[in-house]
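Each remark here refers to the structure printed beneath this line.
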Amino acid sequence: MAVKEKLWLGVQASRNSTIALVFLAAIKGIVGFYSGSSSLIADAIHTSMDIFTSLAVWIGLRLSLKSSGEHFPYGYYKAENLVALFVSVIIILSGVELVRGALKTIKDPVELEFQGLALGAAVFSVITIYALSQYKFKIGRQIGSQALIADAKHSYTDVFSSMVVVVAITGSMFGIHWLDSAGVLVISLIIFKLGITTAKESALTLMDAWLDRDSIERIRHTVDHIPGVNKVDEIRLRRSGLVVFGEMQVESAGEYDLKRVEMLSAEIEEAVKSEIPNLEHISVDVKPGKISVLRIAIPVMMPEGLQSKLSRHIGKAPYYIFIELKDNEIMSWDIGENPAADLDRKRGVKTAEYLEEQGVNIVIGKDIGEGPFHRFHDSFIKLLEMPDDVEDVETLIGKIPELSVITSPTE
């Protein structure tokens with residue numbers, strides 16, 4: 001789902017919530033007035049505050065839909081984070097109001113009229129607000145909206161405040177008036193904690209803090225295993241409303257041309273998107289890495305060590321000598337039989353797969369078809385052209401610094 005579609009879904013959810021809250025506040029206010037239930041009237045006022053909260057979320061999401069301009073090149077997405085901070089303040093204020101109401105009812109308990117009607121309105125409020133909170137939770141998580149999730153949390157706490165009203169009215173019916181105050185005091189502590197937690201998360205997000213450290217480690221692990229990446233130097237992510245922007249610096253396994261770097265950057269971006277679905281953009285800086293030890297594959301006719309005669313064809317070569325080179329000095333070597341040499345079809349591609357499995361960085365050859373060329377290219381294996389005037393491996397090793405890079409199929 002595109003970001004704009006998610007935002008529209010959030011706008012619709014906040015709009016529907018606002019309409020439902022207006023209807024609910026009116027019912028509780030009217031029933032509270034006629035029944036004389038101060039807790040029901042207070043809950044109606046509380047719900048009226050929620051209307052403004054829901055409206056604020058709606059405004060924040062609507063602002064996020066605006067296209068980026070000259071002064072806001074990253075868009076208006078953070079308007080949603082500002083709204084989430086505003087909602088958290090309202091949550092804390094709601095807790096204060098609940099405490100004040102509880103202290104007042106302790107001093108001046110009231111006997112209710114139309115108790116059955118008042119109880120019915122309170123129960124209806126519990127069911128409706130719970131349904132609203134779950135609806136907003138579902139949409140908020142689906143679209144990754146911090147403001148909508150904060151509003152859903154607020155609505156969830158309202159379920160408890162409405163349950164307090166149910167308990168208060170039930171207690172009044174049995175002559176137990178202190179239940180209202182005790183319940184409100186307990187719930188106010190929950191609301192304070194929720195408000196402070198939401199405010200902290202919103203403020204940190206506005207300051208570009210990234211709170212999900214596990215996702216950074218998952219991204220680092222995934223990108224580290226992409227062929228062509230030597231190591232991940234730095235990952236920076238920041239949330240802006242629903243979306244995430246990022247920067248990465250990686251070291252490539254050697255020097256690559258521009259096309260390879262673009263291909264590697266695109267693969268890295270897809271890997272990050274698999275961990276961060278709401279990724280809007282990530283800038284990938286690929287720096288060429290220096291490989292201390294090169295593993296070079298050279299096609300040969302017979303397994304005769306460094307005196308082996310060279311083969312000019314990648315797929316038809318019966319053997320390959322693998323040489324580990326450091327600072328132009330041979331560290332070690334070994335010879336392996338080419339399992340694809342006798343194949344009738346896809347001999348070149350299968351040979352390329354074999355060499356990739358051997359972990360080579362460089363392949364030296366002469367005749368390279370289109371299939372194996374692209375396989376090497378996609379695996380970030382460098383291809384060097386074998387000169388015509390060299391016959392054995394030892395002589396070829398001495399000429400490696402002079403060899404040309406193969407940039408297209410040669411046959």
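The values are calculated or read from the model by the stated rules, or taken from the named source; none is laboratory data. Note that the structure is a prediction, hence the values are computed from the model and not measured. Here the Cβ is made from the backbone with ideal geometry for all residues, glycine too, and neighbour counts use every protein chain on show. Keep in mind that these areas ignore ligands, DNA and RNA; they rest on the heavy atoms of the full protein, side chains included. Shrake-Rupley method; radii C 1.70, N 1.55, O 1.52, S 1.80 Å.
So for TYR34, TYR320, what's the accessible-area order with a 1.4 Å probe, most first?
On the way: TYR34 145, TYR320 0 Å².
The ordering from most to least exposed comes out as TYR34, TYR320.
Measuring from label point to label point, each 7 Å out along Cα→Cβ, what is the GLU234 to PHE23 span in nm?
5.3
Given H placed 1.01 Å from N in the peptide plane, which residues other than close sequence neighbours of SER252 have an amide H under 5 Å from its amide H?
ASN230, LYS287, GLY289
Taking 0.36 nm per residue of sequence separation and subtracting the Cα-Cα distance, how much length would be gained by fully extending the chain between VAL89 and GLU247, in nm to one decimal? The partial results should precede the final answer.
Numbers: separation 158, 0.36 × 158 = 56.88 nm, distance 3.21 nm.
Between VAL89 and GLU247, full extension yields 53.7 nm more.
What's the center-to-center distance, using Cα atoms, between region 197-216 and region 350-411 in Å?
Centre-to-centre distance over Cα atoms comes out at 48 Å.
Give the calculated FRET efficiency between THR407 and ALA209 to the nearest 0.05, with a Förster radius of 51 Å applied to their Cβ-Cβ distance. Before the final figure, lay out each step's value.
Working: r = 45 Å, r/R0 = 0.88.
The pair THR407/ALA209 has a calculated efficiency of 0.70.
Per-residue HN-Hα couplings for region 264-270, Karplus 6.51 cos²θ - 1.76 cosθ + 1.60 at θ = phi - 60°, whole Hz, x for Gly and Pro?
For region 264-270, the Karplus curve yields 5, 4, 5, 5, 5, 4, 5 Hz.
Using the Kirkwood formula over every pair of different C-alpha atoms, what hydrodynamic radius in Å results for region 281-384?
Values: mean 1/r = 0.0699 Å⁻¹.
Taking every pair of different Cα atoms in region 281-384, averaging 1/r and inverting gives 14.3 Å.
How many nm is it between the label spots at ASP378 and ASP327, if each spot is 7 Å from the Cα in line with the beta carbon?
My value for the distance between the label points is 3.9 nm.
Assuming 0.36 nm per residue, please report the length gained on full extension of the stretch MET263 to VAL96 beyond their Cα-Cα distance. Working shown, then result.
Numbers: separation 167, 0.36 × 167 = 60.12 nm, distance 5.61 nm.
So the chain would gain 54.5 nm between MET263 and VAL96.
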